[in-house]
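Since the structure comes first, as structure tokens, the remarks are kept for the end.
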Ligand SMILES: [Zn+2]
């Protein structure tokens, strides 16, 4: 049993990602959030707790690194 690694902004930036994708669990709307100005110790999951949905007003949204920005790695896995 390996615990899920905690994704922090600094770890995310190490992958070349500077934005997070925010998805609302209630209405499903998505937004890309620029997190350049935030400290690296903040976790991606924490971000969602402070961001309410702009469409339906849900108090919490799901956040994940915007993987599309990640540098493609040749021959990984
Ligand atoms: Zn919503």
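The values are calculated or read from the model by the stated rules, or taken from the named source; none is laboratory data. Quantities reported herein were computed from a predicted structural model and do not represent experimental measurements. Because the Cβ atoms are built from the backbone with ideal geometry, glycine has one as well, and the counts that use them run over all protein chains shown.
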* Selection status of residue 37, closer than 15 Å to residue 9 by Cα, surrounded by fewer than 15 Cβ atoms within 10 Å (Cβ to Cβ), at pLDDT 90 or above and touching a strand residue (DSSP E or B) at 6+ places or on another chain (Cβ under 7 Å) -> no
* To do: Working carefully through the options 31, 45, find the one that is in a helix (DSSP H, G or I), on the phi < 0 side of the Ramachandran plot and either surrounded by 13 or more Cβ atoms within 10 Å (Cβ to Cβ) or touching a strand residue (DSSP E or B) at 6+ places or on another chain (Cβ under 8 Å) (or both).
  => 45
* Residue list for the stretch 1-55, filter: over 15 Å from residue 66 (Cβ atoms) and either in contact (Cβ under 8 Å) with a residue 40 or more places away in the chain or within 16 Å of the ligand (Cβ to nearest atom) (or both) -> 24, 25, 26, 27, 28, 29, 49, 50, 52, 53, 54, 55
* **Members of the stretch 50-69 that are loosely packed, with under 13 Cβ neighbours inside 10 Å and within 14 Å of residue 7 (Cβ to Cβ)** => 67
